[in-house]
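The values are calculated or read from the model by the stated rules, or taken from the named source; none is laboratory data. Please read these numbers as outputs of a predicted model, since none were measured by experiment. Cβ coordinates were reconstructed from backbone atoms using ideal geometry, including for glycine residues, and neighbour counts include every protein chain displayed. Quick note on the areas: whole protein, heavy atoms, side chains included, nothing else; ligands and nucleic acids left out. Shrake-Rupley method; radii C 1.70, N 1.55, O 1.52, S 1.80 Å.
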Amino acid sequence: MAMSSILKADDIKKALDAFAAADSFDHKKFFEMVGLKTKSFSDVKKVFAVLDADNSGFIEEEELKFVLKGFASYGRDLTDKETKAFLKAADKDGDGKIGIDEFAALVKE
């Protein structure tokens, strides 16, 4: 499923452009800009499924690095610093990966 079937392409582009510079990523602002904060849990689950590239039921650190590419192919890779900060913010149970409930909670922050 393409992100553009869940979120507006214009919103995705604006958000990716806003965080194009390395070490500028802010997950709270990004989720707000793409319109994910106002989406239903069902839509958040669909976004999670796209980002969970290996279909493990979790977004692991390696997948997190490419999270912006999940929104659009021209998205940049997150830096190691951004990836670790994103993981730390979301991983509430400390297992080193993000489950759907953790992702949904992070989106709604």
If Gly75 meets every condition in (1) at pLDDT 95 or above; (2) more than 28 Å from Asp93 (Cα to Cα); (3) in a helix (DSSP H, G or I) apart from one, which number is that one? (3)
Please verify whether segment 46-68 includes one or more residues that are exposed (fewer than 14 other Cβ atoms within 10 Å of the Cβ), more than 18 Å from Ala2 (Cβ to Cβ), at pLDDT 95 or above and among the hydroxyl-bearing types (Ser, Thr, Tyr). yes
Is there a residue being assigned to a loop (DSSP other than H, G, I, E, B), of a type outside the set (D, E, K, R) and within 20 Å of Glu109 (Cβ to Cβ) anywhere in segment 20-28? yes
Based on this model, can you work out whether Phe86 counts as under 12 Å from the mean Cα position of the chain (by Cα) and farther than 20 Å from Ser40 by Cβ? yes
Gly35: passes all of (1) in contact with a helix residue (DSSP H, G or I) (Cβ under 9 Å, 6 or more places away or on another chain); (2) outside any helix (DSSP H, G or I); (3) within 23 Å of Lys81 (Cβ to Cβ) but (3)
Restricting the first residue to segment 17-41 and requiring it to be touching a residue at least 40 places away in the same chain (Cβ under 8 Å), which pairs with a second residue that is surrounded by fewer than 12 Cβ atoms within 10 Å (Cβ to Cβ) and in a loop (DSSP other than H, G, I, E, B) meet a Cβ separation below 7 Å and a spacing of at least six or different chains? Lys28/Glu109
Output yes when any residue across segment 60-67 is assigned to a helix (DSSP H, G or I) and touching a residue at least 40 places away in the same chain (Cβ under 8 Å), and no when none is. no
When you check Ala15 against the structure, is it outside any helix (DSSP H, G or I), at pLDDT 95 or above and closer than 17 Å to Phe86 by Cβ, yes or no? no
Condition test on Ser5, is it of a type in the set (Gly, Ala, Ser) and open to solvent by 70 Å² or more (accessible area, probe 1.4 Å)? yes
Of Asp52, Asp91, which residue is under 11 Å from the mean Cα position of the chain (by Cα) and without any contact (Cβ under 8 Å) to a residue 12 or more places away in the chain? Asp52
